[in-house]
1. Do we have residue 423 as without any contact (Cβ under 8 Å) to a residue 60 or more places away in the chain and either of a type in the set (Ser, Thr, Tyr) or surrounded by 23 or more Cβ atoms within 10 Å (Cβ to Cβ) (or both) here?
2. Would you point out the residue of the range 145-204, among those that are acidic (Asp, Glu) and either touching a helix residue (DSSP H, G or I) at 6+ places or on another chain (Cβ under 8 Å) or assigned to a helix (DSSP H, G or I) (or both), that is farthest from the ligand (Cβ to nearest atom)?
3. I'm trying to understand the selection: among the residues of the range 205-219, which are out of contact with any Lys or Arg (no Cβ under 6 Å at 6 or more places or on another chain), in a loop (DSSP other than H, G, I, E, B) and open to solvent by 30 Å² or more (accessible area, probe 1.4 Å)?
4. Conditions first: (1) open to solvent by 40 Å² or more (accessible area, probe 1.4 Å); (2) more than 20 Å from residue 294 (Cα to Cα). Residue 433 passes all but one, so which condition is the exception?
5. Condition first: open to solvent by 60 Å² or more (accessible area, probe 1.4 Å) and part of a helix (DSSP H, G or I). Now tell me which residues in the range 104-131 satisfy that.
6. Could you go through the range 222-242 and let me know if any residue there is open to solvent by less than 10 Å² (accessible area, probe 1.4 Å), in the same structural domain as residue 140 (by TED's automatic domain parsing), in contact with a Gly (Cβ under 6 Å, 6 or more places away or on another chain) and more than 7 Å from the ligand (Cβ to nearest atom).
7. Taking the range 17-36 as the region of interest, how many residues are touching a strand residue (DSSP E or B) at 6+ places or on another chain (Cβ under 9 Å) and surrounded by fewer than 18 Cβ atoms within 10 Å (Cβ to Cβ)?
8. Among the residues that make up the range 401-414, is at least one of them away from the ligand (no atom under 16 Å from the Cβ) and polar (S, T, N, Q)?
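The values are calculated or read from the model by the stated rules, or taken from the named source; none is laboratory data. None of the values given here were measured: they were computed from a predicted structure. All Cβ positions, even for glycine, are placed from backbone atoms using ideal geometry, and neighbour counts span all protein chains on display. For the accessible areas, the whole protein counts, side chains as well, though only heavy atoms, and no ligand, DNA or RNA atoms are used. Shrake-Rupley method; radii C 1.70, N 1.55, O 1.52, S 1.80 Å.
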Amino acid sequence: MQHFDNLMNGRWVAAHDYVPNINPSDITDVVGRYAQSRPHDVDLAVMAAKEAFTTWSHSPILQRHDCLQKIATELLARKQELGNQLAREEGKTLPEAIGEVVRASQIFQFFAGECLRLSGECLPSVRANIQVDVTREPIGVIGLITPWNFPIAIPAWKIAPALAYGNSVVFKPSELTPGCAWALADIIHRSGLPAGVFNLVMGEGKDIGEALTHNPDVVAISFTGSTGVGRAIAAACAPLGKKLQLEMGGHNPQIILDDAELELAVELSVQSAFFSTGQRCTAASRLIVTDGIYPAFLQAMQVRMGQLKVGDARISGTDIGPVVSQGQLDTDMCFIQAAISQGAIVASGGALTQCHSASGARGFYLQPTLFTDTTTDMQINQEEVFGPVASILRVRNYEEALATANATAFGLSAGIATTSLKYASHFKRHSQAGMVMVNLATAGVDFHVPFGGRKASSYGAREQGRYAQEFFTAVKTAYTFA
Ligand code: NAD
C-alpha cells in the first residue's frame, strides 16, 4: 500500500505517521495511506513558504501564467483518471467527479489569464504636480483550509488566485479526501513553481488547521467548511490581525410557486436537494411550495425520487453516491430521527439502503429522504444536515414563501421556480442569499463570477472570478511628486 507524503519546500517529506483512507462506496477498499502530520510540520511548511514569497511575489507574470496554464492542461488531460480517484475517495458519481476535475482545470486556466491582466489605476492628485498610483500587491503566506465535498475544485479556486497574485501557500485539505489533494499537489509540484511557493500538509483539523491559523507568519486564512469551525478560526485569527475569508454552511431554499412549470420545478428540486448526495453547500434543503401546486408537486417528486438509483459512485447508472463517511451518515440519521420525532412525515426515503448494483459493495448508503408537514422552527429547517435530506414547507403565497426562505441564519444560495417576471425580479432583490437562481437549481455556478453568501454562510471577500483579488491582494496607494 503506497504511502503519500507531505510536500514542503519543493520536496516530498515523510510524516511520523500515516492513516488509511477508505472508499465510502466500498468500505473494504483502502484508497491509500496518507500523512498524519504534526503541528511542527506546519511550521516547516510556513518557513519554506515565507522564504519563497520573497522572490515569488516579484516573479514575472509570464512565469506565473505558464505554471498555472500547465496545471490547467494536465488536469484536463487526466480528467478521467482524476475523476475516478475523486469518485472513489469522496463518493460523488463518476460524471459529477469528472465534471469537478474539468471545473478545476477551467479555474486554473482563468487565473492563468488573470496573471496577464493585472492592472491598477493612475490618477491625478488634488495637489499640483503629483501623480497617484493605486496598485495591488501580493500579501504573503496564505493558509488554505478546505472541506471534503469538492476536494479538487475548492482547493483550485483558492490555490489558483493565491499563486496568480504572487502569494505563497500552505494547503491543508480535509482529512477525508487527502488523495485528491495529493494528486493536485503532485500536478502543481511539477508545474515549474519555485520550491516552497506551494506546500501541502495533510492531517487533522484540530492539529494542522489550528497550527496554521495560529502561526504568526501566515498573514491570511481562506477557509471553506462548517460555520462552527469557521467561527472558531475567526476567533483565533482576529487577535493576530490575519486577513480572513470564510465560506461556510448553508440551508438553501428552493421556492416553487403555483405558476411554475411542474416538470422543471421537480427536476431542479431533485437536482438541488439530492445530487452529489446532497453534500453541497448550495444544496436546496428546504422546498417551499405554494398551496395550488403542492399536491401535484409532491406526487411528482415521489415518482421522480423513486427512480433515483443509490449506489457505488463509479458504477454506471448510479444517480446518488454514498454519504462520505460513517460520521456523516450518523449525523444524517440523527437529523432524520429528530425530524420524525418533531412531527415531520417521511414522504420518501428515510432509511439506510444497499448499493443498487449486484456488486454487494458495503458502503454508507442512505435513501434520498423527503419530509412533508414541516415547519420553519423545526431543527430540520434550521440546522444544516449536509446529506440527501430535504423538507417541504407548504405556504399560501409568494409573500409567505419569501419570508420562509429568509427565515434562517444562513444565506448562501436561493432558488425560485416561477413563470412570473414580477415574482422572479422581486425575489432576486429581496432574497437574503448571496446567490439567487431563477428556474435553475440552487447548486451549479460559473467559475468566472463571484461565489459566496451572506449571514452565517460567509465572511469576508468573495471567491472566484476577478473578485478573488480582493482577498488575495493588498491595495497600495503611491504618490509621486515630479
Ligand atoms: P469542517 O468545518 O468539519 O472542516 C473543514 C476543514 O476545516 C477541514 O480541512 C478540517 O480538517 C478543518 N478543521 C477542522 N477543525 C479545525 C480547526 N479547529 N481549525 C482549523 N481547521 C479545522 O467541514 P467539512 O465537514 O469538511 O465540510 C462540510 C461543510 O463545509 C458544510 O458545512 C458545508 O456547507 C461547508 N461548505 C461550504 C462551502 C461554501 O462555499 N460556503 C463549500 C463547501 C462546503
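1. Details: without any contact (Cβ under 8 Å) to a residue 60 or more places away in the chain: no; either of a type in the set (Ser, Thr, Tyr) or surrounded by 23 or more Cβ atoms within 10 Å (Cβ to Cβ) (or both): yes.
So residue 423 does not fit the description; no.
2. Of all residues in the range 145-204, those acidic (Asp, Glu) come to 175, 186, 204.
When the remaining residues are screened for being either touching a helix residue (DSSP H, G or I) at 6+ places or on another chain (Cβ under 8 Å) or assigned to a helix (DSSP H, G or I) (or both), the result is 175, 186.
On the way: 175: 5, 186: 19 Å.
Step by step, filter the range 145-204, then rank; the result is 186.
3. 216, the sole residue that qualifies.
4. Exception for residue 433: condition (1).
5. Within the range 104-131, the subset open to solvent by 60 Å² or more (accessible area, probe 1.4 Å) is 106, 109, 116-119, 121-124, 126-129, 131.
Once the filter is applied, which keeps residues that are open to solvent by 60 Å² or more (accessible area, probe 1.4 Å) and part of a helix (DSSP H, G or I), the range 104-131 yields 106, 109.
6. No, the range 222-242 has no match at all.
7. Here is the first cut: in the range 17-36, the ones touching a strand residue (DSSP E or B) at 6+ places or on another chain (Cβ under 9 Å) are 17-23, 28-36.
After this cut, where a residue has to be surrounded by fewer than 18 Cβ atoms within 10 Å (Cβ to Cβ) as well, the list is 17, 19-20, 28-30, 33.
Count: 7.
8. Filtering the range 401-414 for residues away from the ligand (no atom under 16 Å from the Cβ) gives 401-407.
After this cut, where a residue has to be polar (S, T, N, Q) as well, the list is 404, 406.
Yes: the range 401-414 contains one or more residues that are away from the ligand (no atom under 16 Å from the Cβ) and polar (S, T, N, Q).
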